[in-house]
Each structure stands twice: as C-alpha cells, then as structure tokens.
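Everything below concerns the one structure shown next.
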Amino acid sequence: MKDWIIFQDEHLLVLNKPAGLLTTPGRFDKRSLLSAARAIRSEAEAVHRLDLDTSGLVVFGCSKQAISGLNQVFRERQIEKRYVAQVAGAPSAEIGEINFPLGPDRLRRPRQRVDWRKGKRALTRYRVLTTTVSQTRLALMPVTGVRHQLRLHLALIGLPIVGCDLYAPASVRASGSRLMLHAQSLTFSHPATNLDLILEAAPDF
C-alpha cells in the first residue's frame, strides 16, 4: 500500500489506484481506495472518483480547508487531467477533439449513450503518443468529467480502448488483460498553499 502513495502533506493525500479496486465502497464490495486512504490518514475524504477498471491518480482531502478547496477545484474545472489509453486502430489526425453529449442508457445499464436532448456536455481532447500496426497509445485530456466519457468517446470515433468490457468489440476486449486506461497526471493549485502541484504516475501497461 505504501507504493500507492504519490504525495501527502497535512492537507492532501494522493494515491495511485490499481485497476479493479473501487474508489469508494460499493453496495456489496466494501474494499476500496478510500479504505486504504483512511488506513494512512483517518480523516481522508474522496473528492472525485475513477471507475473500477481505471487505474491512476486519486486525490483525497485531509482537512476541512482542503476538502472545500478541492471540491471547488473539480467543480470549476480548475484542474488539468491527463490519461493514457491504449486503443485499437489509429486516428486520422495526431491531435483532435471529441464532443458528444452523454447520458445514461436506461435499457443497458451501466452503459452511457449519446443524448443530444438531455445529455451532459462532454469534451475530450487527445494526442497520439505512439502507434503500432494495430494499436495506438493516446494522451487524453478530458475537459469535462461525465461518467464513462473517455471509454465511450473513443469508441464512438472507432478507437475502442483495449480491454473495455462495455464499449469495445469482443476481439478488442479480449486483447487486453485489463482496461488499458490510466489517470497519469493531475495539475492544480494546492488548496491550502496555492502552490502549483504537478503529480504523475506511469501506467503499468
């Protein structure tokens, strides 16, 4: 568990979540990153989440000032988030944007779908990092934070994430041992000191 610690001080705790672990306790599965955080800092509170199958950086507030400040940072999008994803195929351009509003697919929960009428605004920027014959590694910069945004946005432009069990074809799903999506870096102002923080953790794939 100590290997998960990326940063900590009296106000913050930042952990590198492994894939397959909930950020906060679920209805049936009580194991979570929050439990691990509270074993390190009993006052830790989650201010954002990653999906079960996504790995990477999660920030916990450990003081009232930090929790309030972090909630504002995420609410007002005063944070830069970068993910890394391994996808099937290759985009037509080295950089691009994906902009589809998303909402719940009530007939196929927990999936999301494009909803032009009532969906939440969802914007993802991407940049090609490396390419092979059949796959591409992308840097993803989500401007918004809608559920399953990265998974569905990439699938919608024909670049499903390797290992994705919700939006990828069976062959792409089976080509990875896990969902190849990792929250690699966070950049934001410390809620107590106002100093700029740039936190990073490399993916394990």
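Taking other Cβ atoms within 10 Å as a rough exposure proxy, Thr136, Thr54, Thr187 sort from fewest to most as Thr187, Thr136, Thr54. Volume per residue for the chain equals 129 cubic angstrom (convex hull of Cα atoms). Residue-wise HN-Hα couplings along the stretch 85-98, as the Karplus relation 6.51 cos²θ - 1.76 cosθ + 1.60 with θ = phi - 60° gives them from phi, are 9, 9, 10, 7, x, 9, x, 7, 10, 5, 10, x, 10, 10 Hz; Gly and Pro carry x. In terms of other Cβ atoms within 10 Å, Glu76, Glu45, Glu200 run from fewest to most in the order Glu76, Glu200, Glu45. Considering Cα pairs under 8 angstrom that are at least six residues apart, work out the relative contact order of the chain and quote it in whole percent. About 20 percent, as a whole number.
Taking each DSSP H run with n ≥ 4 as -39500 (n - 2.57) and averaging over every residue of the chain yields -4500 deg cm²/dmol at 222 nm. Among Lys2, Lys17, Lys120, a tally of other beta-carbon atoms within 10 Å of each Cβ gives an order, fewest to most, of Lys2, Lys120, Lys17.
Out of all DSSP beta bridges with both ends in the chain, state the antiparallel percent to the nearest 5. Here the antiparallel bridges make up roughly 95 percent for the chain. Can you tally the lysine pairs in the chain where the Cα-Cα distance is under 24 Å and the two residues are eight or more apart, or on different chains? Summing the qualifying lysine pairs gives 8.
Is the stretch 81-181 best put as rounded, prolate or oblate by its Cα gyration tensor, with a ≥ b ≥ c the root eigenvalues, rounded for a/c under 1.5, and otherwise prolate when a/b is larger than b/c, oblate when not? It is oblate, given that a/c is not under 1.5 and a/b is not larger than b/c.
A Gaussian network model of the chain, with springs between Cα atoms under 10 Å, assigns the largest mean-square fluctuation among Gly20, Gly163, Gly61 to Gly20. Taking label positions 7 Å along the Cα-Cβ direction at both Ser189 and Phe7, the computed distance is 1.4 nm, reported to one decimal.
Read-outs: derived from the displayed coordinates by stated rules, not from any lab. As the structure is a prediction and not an experimental result, all values here were calculated from the model. Cβ sites come from the backbone with ideal geometry, for glycine too, and all protein chains shown count toward neighbours.
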